[in-house]
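Readers should treat all values here as calculations from the given coordinates under stated rules, not as data from a laboratory. Bear in mind that the values here come from a model prediction, so they are computed numbers and not experimental data. So basically every Cβ, Gly included, is an ideal-geometry build from the backbone, and we count neighbours across all protein chains shown.
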Amino acid sequence: MNNFPAPMTRQERAKRMAWCAVRAVAVRWLPPVMCFGWVRMVYRFFGAKVAGTAKIYPSADVFMPWNLEIGAWSTIGGQVHILNAAPFVIGQDCNVSEWAYICCASHNIRSDAHEQIHKPVVMKDRSWVAAEDFVGMGVTIGEGAVVGARAAVFKDVEAWTVVGGNPANVIKERIITNNRNMENTGLGGAILKFRLQSFDFRDVNGFRYQVSGFNYDREPLTFIIESKVLRTAYERRVAA
């Protein structure tokens, strides 16, 4: 189209050219293991906000690294394509699997100029975009949500749900039954589970603790744990 407006400024085009050259020489050809520290450094040089424990596979294709933010223990897998003309923000403990396509841009089909439009894409903590998924602009993947393989997502995904299909629809809730970050405490024969990420740990006295938090049904929990380890250590010290 003759009247198609340029989607990038001259400065952005220059940065893109530099990024493409550096990526081709210093990142793209690297083996997919034992190089994540180097890859993080290169991305940070071009303005990306990358946590020290995040992993970006060398074959991932990121359009604008300065529009990328990835949290701790999150991973961008091999051959992932990220068209992030707007920010793509990834929380903690997230995974973007192989060949997924994250598209933060589109075109205005209501305009004869067909100009580019863009909106951010956000992945909340502990969410997963599976292999060969498409995620459109303006989408937020909720905390703990899972997008099943080869799905196409055009609207927000609610927290702790599993979606799939084209367009993506809710399949079921995601329920965590085995979690290293979950505390199990027996009280009167009952097992109470609470998320360690959101608990309030208060010292009631030297040996007992009040714990307040939320279970996975978002119900508040408050109970008392007696520390036998601390009590035994104290008694041994007094006896000595």
Just to confirm a number: summing +1 for Lys and Arg and -1 for Asp and Glu over residues other than Val146 whose beta-carbon lies under 15 angstrom from that of Val146, what do you get? -3
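Around Val50, what is the net charge, scoring Lys/Arg as +1 and Asp/Glu as -1 over all other residues with Cβ under 9 Å from its Cβ? Mind dumping the intermediate values first?
Working: positive: Arg40, Arg44, Lys49; negative: Glu69.
Spelling it out: positives minus negatives among the neighbours equals +2.
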Filter the cross-link list Lys124/Lys172; Lys15/Lys124; Lys55/Lys155; Lys119/Lys172; Lys15/Lys55 down to pairs whose alpha-carbon distance in this structure exceeds 25 Å. Lys15/Lys124; Lys55/Lys155; Lys119/Lys172
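Determine the gain in length on full extension of the stretch Lys155-Trp99; use 0.36 nm per residue of separation and subtract their C-alpha separation, reporting nm with one decimal. Mind showing how you got there, number by number?
Values: separation 56, 0.36 × 56 = 20.16 nm, distance 2.01 nm.
Between Lys155 and Trp99, full extension yields 18.1 nm more.
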Based on Cα positions only, what radius of gyration and what Dmax would you give for the range 39-91, in angstroms? 9.6, 25
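Hey, what's the Cα Rg ratio for the range 10-173 versus the globular rule of thumb, 2.2 N^0.38 Å? Show your work: numbers first, answer last.
On the way: Rg = 15.5 Å, N = 164, 2.2 N^0.38 = 15.3 Å.
The reported ratio for this selection is 1.02.
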Between Lys172 and Arg10, the FRET efficiency computed from the C-beta separation at R0 = 41 Å comes out, to the nearest 0.05, as 0.25
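Excluding Met8 itself, calculate the net charge of residues whose Cβ lies under 13 Å from the Cβ of Met8, where each Lys or Arg counts +1 and each Asp or Glu counts -1. Before the final figure, lay out each step's value.
Working: positive: Arg10, Arg13, Lys15, Arg16; negative: Glu12, Glu115.
Taking every other residue near Met8 into account, the sum is +2.
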